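Please find one structure pasted underneath; my questions will follow.
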Amino acid sequence: MVADRPQPYRMPEAEFFWTSGADGVLRVLRCDDCAQLVHPPKPVCHYCRGASLTPAPVSGRGTVVGCTVNHQQWLPMFAPPYVVASVALEEDPRVFCTTNVVGVAPDEVFVGMPVAVEFAEDGGTWFPLFRPTGAAPAPELPPLAVDPEATRRCVRPMRTAEKFEDRVAITGIGMSRLGRRLMVDPLALTVEACRRAVADAGLDFDDIDGLSTYPAGPAPGGHSEGGIVALEAALRLQPTWFAGGGDLPGQGGAVVNAMLAVAAGLCRHVLCFRTVWEATATERMRQGLDHPHGRGPVAPPMDFSLPFGAGSAAVNLAINASHHFARYGTTRDALGAIATTQRYHASLNPDAIYREPMTMDDYYAARMITTPFGLYDCDIPCDGSIAIIVSARDAAADLARPPVLVDSVGTQILEPIEWDQGTISHEPQIMGPSAHLWSRSTLTPADVDLALLYDGFSFNCLSWLEALGFCGIGEAGDFLAGGDRIRLGGELPLNPHGGQLSHGRTHGFGFFHEAVTQLRGDAGARQVAGAEVAVLTNGGLTPGGAILLTTAR
């Protein structure tokens, strides 16, 4: 039994959940107005928006709808291997509990297993764990809480025929040094990328009148150089508009913000930037130079998952991948096709971090991280910065390079926003942006020449392929078989720069850099012949976003 679990930050409306196990009964909030169960606890019902909710006892029985055997030590109190699972409650299969399955060997837990709650007390908190009941599994999995096909039909129609996308263009790109443990000031990387982007557009810094970034501020773990404040303090650009933040439709939301500001006339040329220095930050912590953040109680949105050992987005996404495998018959061959194809593409890219050839045998021989993800299903923490210039379309013709145009963006949220609720079959927060993207365009998936799809983990890519309609829901395994379709020369070249799995974890902005490089015809040995339309996505368990870019035809 695990001792000294991370303690959740017990919001007033959640206090009952963490103490209810004292009498051995699992309780979940029930809306007094519509009688629906609401979890995690909230002060309002997300079905009817009623404000009267009461803790109600439930049977504690349920079905494992996703599980992963974790082999990576994320937290000191969780010794691998151990199982993190998502259990759908018997009373309402739309309600999931992230938990540990106990009383059984980790590799014997499966999607569809009937389980029942038991509690473990630690530090005054009663953690709901689940144990197999021994009953035969149901012949079918519970119905999906989020039906991908039905969800995509809920997209809001355009409010006007005039699109802001038609008023903007991408006119410059720049990338700093990229590598593992560069051990340099991240702000220096940001300035390096910004200089190159401004010069690439044929501008100088005095022309820049807007700044936009993701996530901004001193994000822990090497996820930012300090944001707008740090860059403005260094360059003194005096912008008329600026924005930064993490609550956006993916990392590319910073670029969408810039487009909106330009289209509204607030500025003419916005410098968008994204800097990561995760590899250096990790090394500094190893050397004792820095200390990890967050030593107190676990705050939302991790308060209902981290206490059970879900110490990385890898764990949450692996649970969803397990459900896709169980429901649709997908295997690791599909994920391996993504990883090996992107490594081949990276071998053609002199800027990629990992360029050595990789076979499917290499893929399967790599150590397991959290099933079904092995080492090569996970992106590469790195140091680097990428900058993008968004300009007014009427200014673009006078600049140094032909502009790349924006056909449409997809930003709508259609799914439950929590990582571990609702969407269990795919990466969450991708169905809405995908449907929204196509609703704002006359183009279709058949018109796309290359795809730059977010790949924090290989399953992200697989999810986006289905969400965007390049294959049917549940059909990605067949679509990816052998990797020929997604290889250079195939019908949909995928991440020709190597993606985050081999090029490096630039957290979304690397896809913009590659899309512009390809649409300009500047990609050299990895160039997609005749590339005129590129789709790119970003997110990775954050709300996602999608963008269609085209050449100036």
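The values are calculated or read from the model by the stated rules, or taken from the named source; none is laboratory data. Keep in mind that this is a model prediction, so the values were computed, not measured. So basically every Cβ, Gly included, is an ideal-geometry build from the backbone, and we count neighbours across all protein chains shown.
Touching a Lys or Arg at 6+ places or on another chain (Cβ under 8 Å) and hydrophobic (A, V, I, L, M, F, W, C): does that describe residue 338?
no
Suppose the filter is out of contact with any Cys (no Cβ under 7 Å at 6 or more places or on another chain) and over 16 Å from residue 506 (Cα atoms); does residue 169 pass it?
Taking the combined requirement at face value, the residue satisfies it.
Could you please find all residues in region 164-179 being surrounded by 16 or more Cβ atoms within 10 Å (Cβ to Cβ) and either outside any helix (DSSP H, G or I) or more than 27 Å from the chain's Cα centre (by Cα) (or both)?
167, 168, 169, 170, 171, 172, 173, 174, 175, 176, 178, 179
Quick check on region 70-81. Is at least one of its residues without any contact (Cβ under 8 Å) to a residue 24 or more places away in the chain, over 27 Å from residue 297 (Cα atoms) and not in a strand (DSSP E or B)?
no
When only residues in region 24-56 that are over 14 Å from residue 94 (Cα atoms) and in contact (Cβ under 8 Å) with a residue 40 or more places away in the chain count, which is surrounded by the most Cβ atoms within 10 Å (Cβ to Cβ)?
Checked region 24-56; the qualifying residue surrounded by the most Cβ atoms within 10 Å (Cβ to Cβ) is 26.
In region 347-393, which residues are part of a loop (DSSP other than H, G, I, E, B), among the acidic types (Asp, Glu), free of Cβ contacts under 8 Å to residues at least 24 places away in the same chain and in contact with a Phe, Trp or Tyr (Cβ under 9 Å, 6 or more places away or on another chain)?
Across region 347-393, there are no qualifying residues.
When both residues are 6+ apart or on different chains and their Cβ atoms are under 8 Å apart, which pairs have a first residue that lies in region 507-536 and is more than 17 Å from residue 274 (Cα to Cα), and a second that is in a loop (DSSP other than H, G, I, E, B) and at pLDDT below 95?
Note: pairs meeting the criteria are 520/401; 520/402; 532/553.
Could you please find all residues in region 460-500 being part of a helix (DSSP H, G or I) and closer than 9 Å to residue 338 by Cα?
461, 462, 480, 483, 486
Let me ask you something else. Considering each residue of region 2-46, count those that are in contact with a Cys (Cβ under 6 Å, 6 or more places away or on another chain), among the aliphatic types (A, V, I, L, M) and either in a loop (DSSP other than H, G, I, E, B) or under 20 Å from residue 84 (Cβ atoms) (or both), and give that number.
The number of residues fulfilling the criteria is 0.
Now, a different point. State yes or no: is residue 173 touching a residue at least 24 places away in the same chain (Cβ under 8 Å), under 23 Å from residue 536 (Cα atoms) and of a type in the set (A, V, I, L, M)?
yes
Please go through region 396-428 and give me each residue that is small (Gly, Ala, Ser) and touching a helix residue (DSSP H, G or I) at 6+ places or on another chain (Cβ under 9 Å), ordered by number.
400, 408, 410, 425
Out of everything in region 57-69 that is of a type in the set (Ser, Thr, Tyr) and assigned to a strand (DSSP E or B), what residue ends up being surrounded by the fewest Cβ atoms within 10 Å (Cβ to Cβ)?
63
Turning to a different aspect of this structure: Only one of these is closer than 25 Å to residue 320 by Cβ, at pLDDT below 95 and not polar (S, T, N, Q): 41, 81, 106. Name it.
Within the list 41, 81, 106, the selection yields 41.
From the list 156, 94, which one is more than 30 Å from residue 223 (Cα to Cα), touching a Gly at 6+ places or on another chain (Cβ under 9 Å), basic (Lys, Arg) and not in a strand (DSSP E or B)?
Just a single option satisfies the conditions, and that option is 94.
Taking the condition buried (at least 18 other Cβ atoms within 10 Å of the Cβ), at positive phi, at pLDDT below 95 and assigned to a loop (DSSP other than H, G, I, E, B), does residue 250 pass?
yes
Are there any pairs with C-beta distances below 8 angstrom linking a residue in region 277-303 that is closer than 15 Å to residue 74 by Cβ to a residue that is outside any helix (DSSP H, G or I) and at pLDDT below 65, with the two at least 6 apart or on different chains, and if so which?
From residues that are closer than 15 Å to residue 74 by Cβ, the pairs are 285/291; 285/292.
Kindly list the number of the only condition in (1) under 20 Å from residue 170 (Cα atoms); (2) surrounded by 24 or more Cβ atoms within 10 Å (Cβ to Cβ) that fails for residue 501.
Here residue 501 meets the rest and fails (1).
Let me ask another. Working only within region 191-207, note down all residues that are under 26 Å from the mean Cα position of the chain (by Cα), of a type in the set (A, V, I, L, M) and closer than 19 Å to residue 267 by Cβ.
Within region 191-207, just 197 meets the criteria.
So which of 412, 429, 421 is farther than 23 Å from residue 547 by Cα, among the polar types (S, T, N, Q) and assigned to a loop (DSSP other than H, G, I, E, B)?
The unique qualifying residue is 421.
Within region 160-184, take every residue that is at pLDDT 90 or above and among the charged types (D, E, K, R) and give me the one that is nearest to residue 383 (Cα to Cα).
180
Filter region 127-142 down to the residues that are of a type outside the set (A, V, I, L, M) and over 31 Å from the mean Cα position of the chain (by Cα), then identify the one that is surrounded by the fewest Cβ atoms within 10 Å (Cβ to Cβ).
Ranking the candidates gives 139 first.
Going through region 145-162 one residue at a time, which ones are of a type in the set (A, V, I, L, M), touching a helix residue (DSSP H, G or I) at 6+ places or on another chain (Cβ under 8 Å) and under 19 Å from residue 424 (Cβ atoms)?
146
Restricting attention to region 519-543, which residues are at pLDDT 95 or above, part of a loop (DSSP other than H, G, I, E, B) and of a type in the set (S, T, N, Q)?
Listed by number, the list holds a single entry, 527.
Looking at region 188-235, which of its residues are under 24 Å from residue 279 (Cβ atoms) and either charged (D, E, K, R) or part of a strand (DSSP E or B) (or both)?
Within region 188-235, 192, 195, 196, 213, 217, 225, 226 qualify.
Moving on. Looking at (1) among the aliphatic types (A, V, I, L, M); (2) buried (at least 24 other Cβ atoms within 10 Å of the Cβ); (3) touching an Asp or Glu at 6+ places or on another chain (Cβ under 7 Å); (4) over 22 Å from residue 403 (Cα atoms), can you tell me which one residue 534 breaks?
For residue 534, the exception is condition (4).
Continuing with the same structure: Could you list, in sequence order, all residues of region 421-472 that are of a type in the set (Val, Ile, Thr) and either over 23 Å from residue 141 (Cα atoms) or touching a His at 6+ places or on another chain (Cβ under 6 Å) (or both)?
Result: 424, 442, 444, 448.
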